[in-house]
Amino acid sequence: MSDNLKKTMLGALKWATVDRVAQQGIQFVIGVILARLLDPKDYGLMGMIIIFAQIAYVMVESGLGYALVRTTDITETHKNTVFYSNCGISVILYAVLWFCAPAIATFFNQPDLVWIARVTFLAILFNALYLVPYNLIGRALDYKTLTKINLTSTILSGISGILLAFYGLGVWALVVQQTSYHFFRMILFHFYSTWKPAMLFSFQILKGYAGFSVNMLGTSLLTVLFNNIYTLLLGKFYAVKQVGYYTQGNKMSDTVNFTFLAILSTVYNLMAQIHEQTERVANILRTFTKNVSVITLPLTLFLIVAAKPLFFLLFGEKWLDAVPYFQLMCAANLFAPLYQLKVHALNARGRSRATFLIELVKRIIIVVSIVVCFWLDWNIKVMLLFYIASCWLAYALSAIIIKRELTVYYRHQMLDILHGVLAGALVGATAYIMSICFDNLYITFCVQSAASIAIYSAYQMLFNHQFLHETKNLIKGKVDEEEQI
């Protein structure tokens, strides 16, 4: 990789890391405050409708943003075509959801959901209005600006939610937090972006994007639908509080997982620029896989083992029923960042159909497991075990396609995650041993954390000097001239 491109990549990755870590840290603090002020039932009500909003976000974007980023000779017509397509779809979807709100409330047998849904769905309109500026800023790898926008929006929406929760408005605190987040992003993206909409549109461009975008849309829809399918089942057949426990456990798991996935979105933007150069894409994939696995695998395994004292410390005893859900979702997401790296590489190479088919296989397994579990009267936790298996299988399938597409052999793919697996096993074992040595949950978590950090640090210093060297350089913003990705 040229030195200039590598410096740009490192700068983007550094700011993306600051963005996600800071944003998730702020959201984490806000989440803890809200969880202590609100009841699990409030989270249950919000969890019942958020799936509809998330499906709408995906349909509004329609994979057009990814296609726009991949466009080599981008023009104002390209940008405006995508912008007006996003806006048009959002208006149609909001109108449909407005009229469907009573049906959603009836499905879950929760009359209060009608206006909760209608207000929450306003975020769909706000989201559509900032997607093109968001994609253009990301395409330019200007993650410094993205960081400013994301942190400001998170803080302002979080304060809004906390104020409403403090004054006893219950679920409306979550509604306002969700809706205002997208409203603030809309304002800020257009404030920072140099691009402004113009009266330009081309059906020919839209048609040209369709082949690539439809597979991206299909993949995203499957992901959103099946990521929320258990919330639908719980909302329909279980008490609202149970939905709240699952929602909180899943949300906590996603706090960690989404942080890494968002940071790694920079990799797609980079690969898209050099997608025709097979060897360079393969080298970037392997480099990121090595470094990401060393962070995510140990952290996820620690969270699974230390879940009970962590929830007790943060949220109090009333949320302990959410712990099993959190542990199961963490297990499902164990390889998620590594899987997403492979997906980014394949999509950048134009293999969106392959990634769609992987997701399709994954979802078929989930549907079959749900049918079997209902037939045999097994509970939701057994269904989540099948969900874990489907996620791990998807990762294995992506490894097979990566071997064919980029000629990265299985042996190399296994070696790339070896340090992460070994460090994770040591951290998980250490945390487990500490958990059986102490009864007090506060003391348990403190000792688990300290011992796990010590073991992890010792492993990296003794066996993985390259990771420490690259991390140090990334923090300092340095680029080794002799290093070639």
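The values are calculated or read from the model by the stated rules, or taken from the named source; none is laboratory data. Computed from a predicted model, the values in this text were never measured in an experiment. Glycine gets a Cβ as well: all are built from the backbone with ideal geometry, and neighbour counts include every protein chain shown. Ligands, DNA and RNA are stripped out before the accessible areas are found, and what is left, the full protein with its side chains, is counted by its heavy atoms. Shrake-Rupley method; radii C 1.70, N 1.55, O 1.52, S 1.80 Å.
Quick check on residue 407: is it surrounded by 15 or more Cβ atoms within 10 Å (Cβ to Cβ) and polar (S, T, N, Q)? No. Among all residues of the stretch 124-136, there is none that is over 26 Å from residue 201 (Cβ atoms), touching a residue at least 24 places away in the same chain (Cβ under 8 Å), out of contact with any Phe, Trp or Tyr (no Cβ under 6 Å at 6 or more places or on another chain) and open to solvent by less than 40 Å² (accessible area, probe 1.4 Å). Run down 267, 292, 240, 281 and say which single residue is open to solvent by 10 Å² or more (accessible area, probe 1.4 Å) and either modelled with pLDDT of 85 or more or closer than 25 Å to residue 464 by Cα (or both). The match here is 292. Residue 201 meets the conditions (1) open to solvent by 70 Å² or more (accessible area, probe 1.4 Å); (2) under 20 Å from residue 87 (Cβ atoms); (3) part of a helix (DSSP H, G or I); (4) at pLDDT below 90 in every case but one. The failed one is (3).
The residue that is nearest to the chain's Cα centre (by Cα), among those in the stretch 59-100 that are more than 17 Å from residue 196 (Cα to Cα), at pLDDT 90 or above and of a type in the set (Ser, Thr, Tyr), is 90. Checked against the criteria, residue 34 counts as closer than 23 Å to residue 149 by Cβ and at pLDDT 90 or above.
One residue alone among 443, 436, 453 is open to solvent by 80 Å² or more (accessible area, probe 1.4 Å) and either under 15 Å from residue 304 (Cα atoms) or of a type in the set (Phe, Trp, Tyr) (or both), and that residue is 436. What single numbered condition from (1) open to solvent by 20 Å² or more (accessible area, probe 1.4 Å); (2) closer than 27 Å to residue 231 by Cα; (3) part of a helix (DSSP H, G or I) fails to hold for residue 77? Failed condition: (2).
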